[in-house]
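Everything below concerns the one structure shown next.
The values are calculated or read from the model by the stated rules, or taken from the named source; none is laboratory data. Given the structure is predicted, the values throughout are model-derived calculations rather than measurements. Every residue, glycine as well, gets a Cβ built from its backbone with ideal geometry; the counts of neighbours run over all protein chains shown.
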Amino acid sequence: MKILHTSDLHLGKSLYGKNRGDEFAYILDTLLDTVEKEHVDVLLIAGDIFDTTMPPNDAQNLYYNFIYKLSLSSLKHTVIIAGNHDSPSFLDAPRILLENFKVSVISSADINNIDKEIICIKDNDGSVNLIVCAIPYLRERDLNDTIVSYDSDDREKSYRDSVKAHIKAVTDKAFAKAHELEAKSGIKVPVVAMAHLFCSGGITLSDDGVRDLFVGNLGHIEASVFDQNLAYVALGHLHVPQMVSGHELAYYSGSPLAMGFSEHEDKHFNLCTIDDNTISVSFIDIKPPKKLEQIKGNLNEIEQSLLDLSKGGESILCEIILSGSDEALSIKKSLEAIIDKSLIEILRIKDMRDNEVRMIADKKGELLDSLDELSVFKRLLAMQGINDEKDKEELIATYTQLRRAMSEEIV
């Protein structure tokens, strides 16, 4: 049994105004090629299929064409769960149609119907040879019956406890099903889990686009909540590929495409192979369709770096961080001349005075898409003269809770 794990596709996401449709198409084609080359049986996509709740048409086209091509492959089944960026209702709308393409989509949880999160993968003869616990991003409203406190700290703890209880309920029921099948056939059925959440100790980067909807570590879940008998735990939400402490077979596959210039690590798909009682995990490297390069230095250093890069003939997206006395807007033409007729594109120039030039839009001034929501709110507090640390902590906690509640209202 071969299981391929990926997550955080974020179809439709741009980078400083740059449409990345061709890069997303490349990633999906690479995923399809990997399914065929590695003779994959089951594909798990652990959330954040799209970058927004209302994805643009080109992102939707990529998704549905990809699903159709998967149906033509030798793949037995695909399981997709919703992430915090996804609209549950949007993902769920074509669910019945996608089932005819051997695709199960779990867009939201229901504490009164956990059976829908337990997917039995059947062989050609109809026998079950894998059980998947497909746990989507858990919104407060999904767990509403178990969250009763209105106090901020108590509410966060209640949410965390409810997430743990839900995961345990789903996995316990899946194992009960596996034991029942084993008792009938004498054959052990492996159980794997997939979830979209932030595990304690997980690594994030400054501009990877990961939305932390809680202050500090309040919304983080220990990986030990996942049953140690699970054959594999396929996680989504964090963009850096990593193994999670607390469970020896729990992994974030990471996003297959770098979402920001801080993502320097190699990207890969995770391949879990289950052979009788032996479980192994390997990694399938993804060659990036375009390199992301962040170049720092004074004007001379940046010009030399661009000259060196232009000789390589690679397709590169660049971010320029300028030190020294030159202003971002004043060096634009000289840098464009250097990369003329090359495959290099400069998306952003930022100088030491925090002035920015977005090359796509040709505008000067700081870009909102270079800041996350919390950073903007903190700047607002500073502008309002709110400097007391206790006051700031309380306002930030309230703001974070409200933002999370608002994001969960969008279905």
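So that you can scan it fast, the table gives a plain yes or no per residue for (1) β-branched (Val, Ile, Thr); (2) in contact with a Ser or Thr (Cβ under 9 Å, 6 or more places away or on another chain); (3) assigned to a loop (DSSP other than H, G, I, E, B):
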{"site": "Leu4", "(1), (2), (3)": "no, yes, no"}
{"site": "Lys13", "(1), (2), (3)": "no, yes, yes"}
{"site": "Ala25", "(1), (2), (3)": "no, no, no"}
{"site": "Asp29", "(1), (2), (3)": "no, no, no"}
{"site": "Glu36", "(1), (2), (3)": "no, yes, no"}
{"site": "His39", "(1), (2), (3)": "no, yes, yes"}
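So that you can scan it fast, the table gives a plain yes or no per residue for (1) part of a strand (DSSP E or B); (2) at pLDDT 85 or above; (3) among the hydrophobic types (A, V, I, L, M, F, W, C):
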{"position": "Ser305", "(1), (2), (3)": "no, yes, no"}
{"position": "Asp308", "(1), (2), (3)": "no, yes, no"}
{"position": "Glu314", "(1), (2), (3)": "no, yes, no"}
{"position": "Leu317", "(1), (2), (3)": "yes, yes, yes"}
{"position": "Lys332", "(1), (2), (3)": "no, no, no"}
{"position": "Leu335", "(1), (2), (3)": "no, yes, yes"}
{"position": "Lys341", "(1), (2), (3)": "no, yes, no"}
{"position": "Lys350", "(1), (2), (3)": "yes, no, no"}
{"position": "Asp354", "(1), (2), (3)": "no, no, no"}
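Taken together, Ser305, Ser310, Ser315 contain a single residue that is without any contact (Cβ under 8 Å) to a residue 40 or more places away in the chain, among the polar types (S, T, N, Q) and touching a helix residue (DSSP H, G or I) at 6+ places or on another chain (Cβ under 8 Å), which is Ser310.
Scoring Phe90 on the criteria (1) surrounded by 21 or more Cβ atoms within 10 Å (Cβ to Cβ); (2) at pLDDT 95 or above leaves a single failure, condition (1).
Looking only at region 285-302, which residues are surrounded by fewer than 17 Cβ atoms within 10 Å (Cβ to Cβ) and not in a loop (DSSP other than H, G, I, E, B)? Selection gives Asp285, Lys291, Gln294, Lys296, Gly297, Asn300, Glu301. Taken together, Phe24, Phe50, Phe90 contain a single residue that is more than 30 Å from Gln294 (Cα to Cα) and among the hydrophobic types (A, V, I, L, M, F, W, C), which is Phe90. Considering (1) surrounded by 14 or more Cβ atoms within 10 Å (Cβ to Cβ); (2) modelled with pLDDT of 95 or more; (3) not basic (Lys, Arg), the lone condition that Ser152 does not fulfil carries the number (2). Residues in region 133-140: is at least one within 30 Å of Thr398 (Cβ to Cβ) and either among the aliphatic types (A, V, I, L, M) or not assigned by the TED database to the domain that holds Tyr63 (or both)? Yes: one or more hits. Strands (runs of 3 or more DSSP E) fully within region 44-153 that include at least 1 residues being free of Cβ contacts under 8 Å to residues at least 12 places away in the same chain and touching a helix residue (DSSP H, G or I) at 6+ places or on another chain (Cβ under 7 Å): none found. Screening Ile339 with (1) in contact (Cβ under 8 Å) with a residue 24 or more places away in the chain; (2) under 23 Å from the mean Cα position of the chain (by Cα) gives one miss only, at (2). So for region 189-199 (the condition being on the phi > 0 side of the Ramachandran plot and modelled with pLDDT under 95), does at least one residue qualify? No - not one qualifying residue is present in region 189-199.
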